[in-house]
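Working notes, beginning with the structure itself.
The values are calculated or read from the model by the stated rules, or taken from the named source; none is laboratory data. The structure displayed is predicted, hence computed values, not measured ones. Here Cβ is always computed from backbone atoms with ideal geometry, including for glycine, and neighbour counts include all displayed protein chains. Protein only, heavy atoms only, side chains kept; ligands, DNA and RNA dropped before computing areas. Shrake-Rupley method; radii C 1.70, N 1.55, O 1.52, S 1.80 Å.
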Amino acid sequence: HLIKPMNVPFYEMPIIGKEVGEAYNLAIEQLLTNPGFKNMKYMLTLEYDNIIPAPHATQLPKGALMPLYEGINKGFDAVGGLYWTKGDYSLPLIYGDPKEKRDAKAGRFKVRNDWKPGDLVETNGMGMGWTLFKIDIFRDERLGSIKRGKDGNFAKPFFKTTNEMDKDGLKSYTQDLFFFEKFREAGYRCAVDTRVKIGHLD
């Protein structure tokens, strides 16, 4: 059901019945500890409420996956497809402009509307409903760790859904922006390929 690179391993890992941040942490744990994955270079995320277009869709002659590889080859560490928030007033999940070099978290993830359809938009954060990551970034302990505490939970999770106060005020993030905050601070780059239009089931 996907146009994939030819003659390379491609493994599907469904994780069911977990909170979204916990599900992603479990996936990373598997990727970094299972010997069968040691030569894998990329992780593609697909969330249950996202809809990928059919491989034969005329607006996507290369499918929904291959353009993400093109973006990775342009120097990005993660590239995602374009989708929008749910609801009648919908916004693109393209958050922040790295050129603005905002230090304050409040402006780091403002919604972007300064792009044209077809653009590859470098950004500070994005949704993870259809995103290709380089696996090597998850070996950088600035972003998180698969080590567990005495309670059995991840001591420094990569992903976490949070609603808490810090020195900058209320931080209410789903797992994606929690991760991308650390990702950008560590100097990694991400982009949204607006050619790849993904549905978001409401």
*asked:* Anything in the range 118-142 that is part of a loop (DSSP other than H, G, I, E, B), more than 12 Å from the chain's Cα centre (by Cα) and of a type in the set (A, V, I, L, M)? List them, or say none.
replied: none
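Working only within the range 96-117, note down all residues that are under 23 Å from Leu46 (Cα atoms) and either open to solvent by 40 Å² or more (accessible area, probe 1.4 Å) or part of a strand (DSSP E or B) (or both). Walk me through it before giving the result.
Just the residues of the range 96-117 that are under 23 Å from Leu46 (Cα atoms), to begin with: 96, 109, 111-112, 117.
Selection gives Val111, Pro117.
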*Which condition does Leu93 not pass, out of (1) modelled with pLDDT of 95 or more; (2) surrounded by fewer than 21 Cβ atoms within 10 Å (Cβ to Cβ), if it passes all the others?*
(2)
